[in-house]
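Bear in mind these aren't lab numbers, they're just calculated from the coordinates by the rules spelled out. These numbers were taken from a predicted model, which means no experiment stands behind them. Glycine gets a Cβ as well: all are built from the backbone with ideal geometry, and neighbour counts include every protein chain shown.
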Amino acid sequence: MPDAIDQIQDVSERHLANSLQHRKRVRANRLPGLTQCEDVDCRADIAPARTEMGARLCVGCQTAEEARGAQHAAWGRR
Ligand SMILES: [Zn+2]
């Protein structure tokens, strides 16, 4: 039955195209990071590569935040 096989192939191909399209749309809607620094006093642009990695702060604020975190960690150990 070549007709039935063609039909199944057609349906599965369409289904695959749909799910690929859906996945692309989901990825476009969900931005992992921010394009501008989360710090209201800063608002510096964040590089797209860092946004994709989920960055919410610019390099300067991120460094300051990490330094603060390290200080807290040192405090906790005392
Ligand atoms: Zn910043």
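A few points about this structure:
- Count of the range 31-76 residues which are assigned to a loop (DSSP other than H, G, I, E, B) and near the ligand (Cβ under 9 Å from one of its atoms): 10
- Out of Ala64, Ala44, Ala49, Ala55, sole residue that is out of contact with any Pro (no Cβ under 6 Å at 6 or more places or on another chain) and exposed (fewer than 10 other Cβ atoms within 10 Å of the Cβ): Ala49
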